[in-house]
Amino acid sequence: MADENTMPILITGGTGFIGSYLAMKLLEKEGNEDDQVLLFDCNPDMRRLTGFNERYKKVSDRVTFVQGDLSSLELVLALFEHKPKSVFHLGALLSAGADANPTLGFQVDTLGTRNVLEAARIYGQRRNMDPVRVIFPSTIASFGLFIAAGQKVKNEDIQVPTTMYGVSKVSSERLGEYYQRKGWVDFRAVRFPSVVGAARGPGGTTVYSTLMIQQPAQNKPYEAYVAKDTRLDIIYVEDAISALIQLHDAPKQSLKRRVYNIAGIRNSDGQAPQASDIETAVQQEMKKPDVGITYKVNQQLSDTVRSFGVLDDSVAREDWGWTGASSGLQKAVNAFFDDVKNYPDRIKAIELY
């Protein structure tokens, strides 16, 4: 069996928004100085990682990139020849993109997850080792119908998604639980609200929550496609990464289930932030009232955003000691501005909604 210190951590979607932050966090984590990461992505653009500049240069010799397609079982099987010790399966086509091309959305999001789970099963059984730990991010969009707008969504509430992205996430949750019950993998998943942070790309229905911060941080105007009073459960990317790593590290005996809600930022009244709250936090950071944010409602996108509830993460707190998001809205906006200022090369020009 390979020395665990030389076995990489596999991150699918590794050049993406969350994957790049996760890779840096794992490589810079105290006590992990020997850890290596194996990034798998269809997109060879490493800018979100290399854009960390000196931070990335210090760890770059421990990064391996493989380009490929999650929908190809042959390519995914080949990944496990690198003998990963854990898998963070983040690769996916996001909501708007999956709905625009539902066939591709199914192939990448649903079939791709099946391929990762199957490859992990085969790899573990061939090597006669403990089941490979597979960490998976699901979404608030997995709940869909029968959840009233703004309603607190419990961990085991009914899931009736209305998008290909949501459907794929629910099917992946159930498939992962099946592989877990069979003893084939150690499957663990979180359901995130909208994740905000620098260098997020387009494709998600809730991307406005990031662009309301990112565009002003670059001294650019932004026209939000929702109304000012639109509430949305959001979490800063650093907190999302912490949730993934903490669940990965949690002792298996503490896990009473395999999928956990993760709640986002809350205002002082316990409510999720409105779009106007994000604008106010940006005004505070920029120290001026006009930050270039305007509003023009896209009814279809707005209706989808308003349909989301807010996640109740009490069972994650009870089972594995999750303490909740550490970043309030103002702290998150301040950190976001720092990232844009310090790592401008990470930000890609994107087509705005």
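Where a number appears in this text, it was derived from the coordinates with a stated rule and is not lab data. Just so we're clear, the structure is a prediction, and the values are computed from it rather than from any experiment. Backbone-built Cβ (ideal geometry, glycine too); neighbour counts: all protein chains shown.
Filter the cross-link list Lys58/Lys287; Lys29/Lys256; Lys152/Lys228 down to pairs whose alpha-carbon distance in this structure exceeds 25 Å.
Numbers: Lys58/Lys287 35 Å; Lys29/Lys256 27 Å; Lys152/Lys228 21 Å.
Beyond 25 Å between Cα atoms: Lys58/Lys287; Lys29/Lys256.
Nearest 20 debye, what's the magnitude of the dipole of the chain about its Cα centre given +1 on Lys and Arg Cβ and -1 on Asp and Glu Cβ?
Values: 41 positive and 43 negative charges, 60 e Å.
With only Lys, Arg, Asp and Glu charged at Cβ, the dipole is about 280 debye.
Equivalent-ellipsoid semi-axes for region 1-116 (Cα gyration tensor, √(5λ), whole Å, largest first): 25, 17, 10.
Arrange the following residues from fewest to most other Cβ atoms within 10 Å of their Cβ: Arg121, Arg48, Arg126. The partial results should precede the final answer.
On the way: Arg121 18, Arg48 28, Arg126 9.
Sorted ascending by nearby Cβ count, the order is Arg126, Arg121, Arg48.
Put simply, when 303-312, 337-346 are sorted by average Cβ atoms within 10 angstrom per residue, most first, you get 303-312, 337-346. Among the listed values [x] 21.9; [y] 18.3; [z] 16.5, the one computed from these coordinates for mean projected area of the Cα convex hull in nm² is [z].
Over region 54-169, the Kirkwood radius and the radius of gyration, each from Cα atoms, give a ratio Rg/Rh of 1.05. Within region 245-297, the trypsin sites (Lys or Arg not before Pro) that combine a DSSP coil assignment with at most 14 other C-beta atoms in a 10 angstrom radius are Lys256, Arg257, Lys287, Lys296.
As a quick test, which of the pairs Lys25/Lys154; Lys169/Lys331; Lys220/Lys348; Lys182/Lys252; Lys288/Lys348 have an alpha carbon distance above 21 angstrom in this structure?
Values: Lys25/Lys154 29 Å; Lys169/Lys331 30 Å; Lys220/Lys348 14 Å; Lys182/Lys252 15 Å; Lys288/Lys348 26 Å.
The answer is Lys25/Lys154; Lys169/Lys331; Lys288/Lys348.
Among Ile241, Ile140, sorting on how many other beta-carbon atoms sit within 10 Å of each Cβ, with the fewest leading, yields Ile241, Ile140.
Across region 139-146, coupling constants 3J(HN,Hα) worked out from phi with the 6.51/-1.76/1.60 Karplus curve, θ = phi - 60°, read 8, 4, 5, 6, 8, x, 4, 6 Hz, and Gly and Pro carry x. Comparing Ile262, Ile135, Ile147 in a Gaussian network model of the chain (Cα springs below 10 Å), the most mobile by mean-square fluctuation is Ile147. The alpha carbons of region 205-353 give a radius of gyration and a Dmax of 16.6, 52 Å, in that order. Springs between alpha-carbon pairs under 10 angstrom, Gaussian network model over the chain: which of Thr205, Thr294, Thr113 fluctuates most? Residue with maximal mean-square fluctuation among Thr205, Thr294, Thr113: Thr294. In the chain, taking the dipole from charged Cβ atoms about the Cα centre, the farthest positive-side position among Thr294, Leu104, Phe146 is held by Phe146. By the helix-only formula, in which each DSSP H run with n ≥ 4 contributes -39500 (n - 2.57) and the sum is divided by residues, the chain has a 222 nm mean residue ellipticity of -11000 deg cm²/dmol. For the peptides 225-233, 162-170, the ranking by packing is 162-170, 225-233, with the highest mean count of neighbouring Cβ atoms within 10 Å listed first. Each of Phe17, Gly321, Ser268 was scored by the projection of its Cα onto the charge dipole of region 7-346, and the greatest displacement toward the positive side belongs to Gly321; charges sit on the C-beta of Lys, Arg, Asp and Glu.
As a proxy for reagent exposure, ranking Tyr21, Tyr56 by other Cβ atoms within 10 Å from fewest up yields Tyr56, Tyr21.
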